[in-house]
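Undergrad: One structure is given below, represented as structure tokens, and several questions about it will come after.
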Amino acid sequence: MKDYLVRVWDLPTRLFHWTLVVCIVGLIATAQIGGNAMNWHFRFGYGVLTLLLFRLVWGFVGGRWSRFSAFLYSPASLLRYLRGQPDGRHLMGHNPLGALSVFAILAMLLLQVGTGLFSDDEIAAVGPLSKLASGAMVSQLTYYHKEIGKVIVLFLVVLHIGAIIFYRVKRKQDLIRPMIVGDASSPVPQPASRDDAGSRALAAVVLLACAGAVAALLSQVA
């Protein structure tokens, strides 16, 4: 039976994904090292915030399979998938479980970065927005950032990696290669994501705008 090769992940989405991976590894490493490494911890955090803002915008204007509308499933669709009754929408991009994972990771990373901006460890690391909140609020946000949010993010990352391994070993489905090369095979024809010079130029503009917004926010409280 003939398989169709489909451009599922556009280049901006792929670059976002792998850059986010690098930043998360950097955040974890610098948090463990502490000391002067916390300067880089904040830089990685600003990078993640920029990437998350980009992904939020790209979820509306990006390639076909990168848009939130492509993997926003109803509870009924999720139940059918769990019962082993996938439909055509589940063959490309994120399936219902993958979609839940993506939304959870994006939300918790945004919350983790947001609380980090207000955190103060009372030693050397002080978030740039901590001066805007009361001492009690800063204390609560710092506790969440260091003791709760970090654990949740690590759990979601491990769960995500575990799912990739499960699909590779049990279902013989490679989820990593499409995120590297952009293309995936499908047993039926599927619409492709736009991934041309125009869409990539738009992504560059969106990224610069998001980076500018983060820089402007930090400059206001510097």
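The values are calculated or read from the model by the stated rules, or taken from the named source; none is laboratory data. Small disclaimer: the values here were computed from a predicted structure and weren't measured. FYI the Cβ positions are ideal-geometry reconstructions off the backbone, even for glycines, and counts take in every protein chain you see.
Undergrad: Of the residues Leu111, Leu141, which single one is surrounded by fewer than 20 Cβ atoms within 10 Å (Cβ to Cβ), in contact (Cβ under 8 Å) with a residue 12 or more places away in the chain and in a helix (DSSP H, G or I)?
TA: Unique residue meeting the criteria: Leu111.
Here is a yes/no grid of residues against (1) in contact with a helix residue (DSSP H, G or I) (Cβ under 6 Å, 6 or more places away or on another chain); (2) under 20 Å from Ser185 (Cα atoms); (3) free of Cβ contacts under 8 Å to residues at least 60 places away in the same chain:
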| site | (1), (2), (3) |
| --- | --- |
| Arg83 | no, no, yes |
| Met92 | no, yes, no |
| Leu97 | no, yes, no |
| Val102 | no, no, yes |
| Pro128 | yes, no, no |
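Undergrad: Quick test for you: out of Ala136, Ala104, pick the one residue that is assigned to a helix (DSSP H, G or I) and over 23 Å from the mean Cα position of the chain (by Cα).
TA: Exactly one residue qualifies, and that residue is Ala136.
Undergrad: Out of curiosity, is Val206 at negative phi, in contact (Cβ under 8 Å) with a residue 60 or more places away in the chain and part of a helix (DSSP H, G or I)?
TA: yes
Undergrad: Only one residue in Ser185, Ser193 is at negative phi, surrounded by 11 or more Cβ atoms within 10 Å (Cβ to Cβ), of a type outside the set (Asp, Glu) and not in a loop (DSSP other than H, G, I, E, B), so which one is that?
TA: Every option except Ser185 fails the conditions.
Undergrad: In contact (Cβ under 8 Å) with a residue 40 or more places away in the chain, crowded, with 18+ Cβ neighbours inside 10 Å, under 27 Å from His145 (Cβ atoms) and not polar (S, T, N, Q): does that describe Val6?
TA: Criteria not met by Val6.
Undergrad: For Gly162, only one of the following conditions fails: (1) under 28 Å from Pro86 (Cβ atoms); (2) assigned to a helix (DSSP H, G or I); (3) in contact (Cβ under 8 Å) with a residue 60 or more places away in the chain. What is its number?
TA: Against the list (1) under 28 Å from Pro86 (Cβ atoms); (2) assigned to a helix (DSSP H, G or I); (3) in contact (Cβ under 8 Å) with a residue 60 or more places away in the chain, Gly162 comes up short only on (3).
Undergrad: Using beta carbons and a limit of 6 Å, which pairs, at least six apart or on different chains, have the first residue in the range 17-35 and among the aliphatic types (A, V, I, L, M) and the second one crowded, with 16+ Cβ neighbours inside 10 Å?
TA: Pairs that qualify, where the first residue is among the aliphatic types (A, V, I, L, M) and the partner is crowded, with 16+ Cβ neighbours inside 10 Å, are Leu20/Leu51; Leu27/Phe44; Ala31/His41.
Undergrad: Please tell me if Val57 is closer than 19 Å to Leu208 by Cα, modelled with pLDDT of 95 or more and over 11 Å from the mean Cα position of the chain (by Cα).
TA: Yes: the conditions hold for Val57.
Undergrad: Would a scan of the range 47-62 turn up a residue that is closer than 30 Å to Val126 by Cβ and surrounded by fewer than 15 Cβ atoms within 10 Å (Cβ to Cβ)?
TA: Yes - at least one qualifying residue is present in the range 47-62.
Undergrad: Follow-up. Can you name every residue in the range 171-182 that is surrounded by fewer than 16 Cβ atoms within 10 Å (Cβ to Cβ) and at pLDDT 90 or above?
TA: Asp174, Ile176, Arg177, Ile180, Val181
Undergrad: Here is a follow-up. How many of the residues making up the range 60-90 are in a helix (DSSP H, G or I) and under 24 Å from Ser199 (Cα atoms)?
TA: Qualifying residue count, the range 60-90: 6.
Undergrad: Is it true that Asp183 is touching a residue at least 60 places away in the same chain (Cβ under 8 Å) and among the acidic types (Asp, Glu)?
TA: Here the answer is yes, as Asp183 does meet what is asked.
Undergrad: Against the condition in contact with a strand residue (DSSP E or B) (Cβ under 6 Å, 6 or more places away or on another chain), surrounded by 12 or more Cβ atoms within 10 Å (Cβ to Cβ) and of a type in the set (Ser, Thr, Tyr), how does Ser199 come out, does it pass?
TA: no
Undergrad: Assess whether Trp65 counts as being among the aromatic types (Phe, Trp, Tyr), under 21 Å from Val214 (Cα atoms) and at pLDDT 95 or above.
TA: no
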